[in-house]
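Right, one structure below, let's go through it.
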Amino acid sequence: MLEVQARLWYTSAMPQELRAGIGFDIHRLVRGRRLVLGGVEIPAESGLLGHSDGDALLHAVCDALLGACGLGDIGDLFPDTDARFKGRDSAFFVHEVLARTSKAGWKVANIDTIVFLERPRLGPWKRAMRDRIAALLGLAAANVGVKAKTMEKLGPIGGRRAVAALAQVLLVRTK
Ligand code: MG
């Protein structure tokens with residue numbers, strides 16, 4: 001009897017099946033391009049070079065989702081040699097990736113991100129970026145983190161020649 005109870009307790013207390021994923025991306029910062037981060041256009045002197053809109057943050061989000069499910073990476077799915085993806089809004093990639101992770105039986109529990117850039121300061125834009133990522137992933141804003149870090153003027157990011165982003169995601173099994 002005790003054994004049965006113990007087994008029932010163990011079964012009910014078992015955690016849901018979870019997967020964690022990480023994603024990273026870096027893009028060159030150049031004049032004559034728009035600066036789009038987290039799906040939000042930010043007024044700036046320079047923007048991110050890329051085959052798509054260069055949104056390093058959404059690219060990191062995509063890679064975190066794909067990595068958690070063992071579905072490869074954004075370069076596998078959307079090669080930068082493919083003309084179909086030229087100038088693409090990176091929200092398109094997030095939609096496509098989310099469709100794949102959902103089909104594989106996973107939903108997002110939460111996502112946390114960091115953007116590394118020297119200028120402009122992202123303080124005034126962080127809420128809009130968080131809300132945009134939440135909307136793209138179908139999450140409450142409380143389940144999305146967007147943080148910004150400077151590199152204290154060190155290296156290519158600190159020298160305003162690049163912007164990088166890191167994302168970590170937690171997925172929960174749905175089926
Ligand atoms: Mg990229």
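In the set (1) at pLDDT 95 or above; (2) more than 9 Å from the ligand (Cβ to nearest atom); (3) surrounded by 15 or more Cβ atoms within 10 Å (Cβ to Cβ), the condition left unmet by His95 is number (3).
The residues of the range 75-90 that are surrounded by fewer than 24 Cβ atoms within 10 Å (Cβ to Cβ) and either under 15 Å from the mean Cα position of the chain (by Cα) or in a loop (DSSP other than H, G, I, E, B) (or both), listed by number, are Gly75, Phe78, Pro79, Asp80, Thr81, Asp82, Lys86, Gly87, Arg88, Asp89. Which pairs have Cβ atoms under 7 Å, sit 6 or more apart or on different chains, and link a residue in the range 102-116 that is on the phi > 0 side of the Ramachandran plot to one that is part of a strand (DSSP E or B)? What qualifies is Gly105/Arg173. The set of residues in the range 44-56 that are farther than 15 Å from Arg160 by Cα and either of a type in the set (D, E, K, R) or open to solvent by 50 Å² or more (accessible area, probe 1.4 Å) (or both) comprises His51, Asp53, Asp55. Would you check which residues across the range 98-119 are open to solvent by 30 Å² or more (accessible area, probe 1.4 Å) and touching a strand residue (DSSP E or B) at 6+ places or on another chain (Cβ under 6 Å) and list them? Selection gives Lys107, Ala109, Asn110, Asp112, Ile114, Phe116. In the range 16-31, the residues that are more than 12 Å from Gly47 (Cα to Cα) form Cβ pairs under 6 Å with partners that are open to solvent by 40 Å² or more (accessible area, probe 1.4 Å), at six or more places apart or across chains, as follows: Glu17/Arg173; Ala20/Leu170; Gly21/Gly67; Ile22/Gln168; Phe24/Leu166.
Considering each residue of the range 51-70 in turn, none proves to be under 20 Å from Ala128 (Cβ atoms), more than 14 Å from the ligand (Cβ to nearest atom) and among the charged types (D, E, K, R).
The values are calculated or read from the model by the stated rules, or taken from the named source; none is laboratory data. Note that the coordinates shown come from a computational prediction; the quantities given were computed from them, not determined experimentally. Note that we place each Cβ from the backbone using ideal geometry, even for glycine, and neighbour counts take in every protein chain shown. All accessible areas refer to the heavy atoms of the entire protein, side chains included, with ligands and DNA or RNA removed. Shrake-Rupley method; radii C 1.70, N 1.55, O 1.52, S 1.80 Å.
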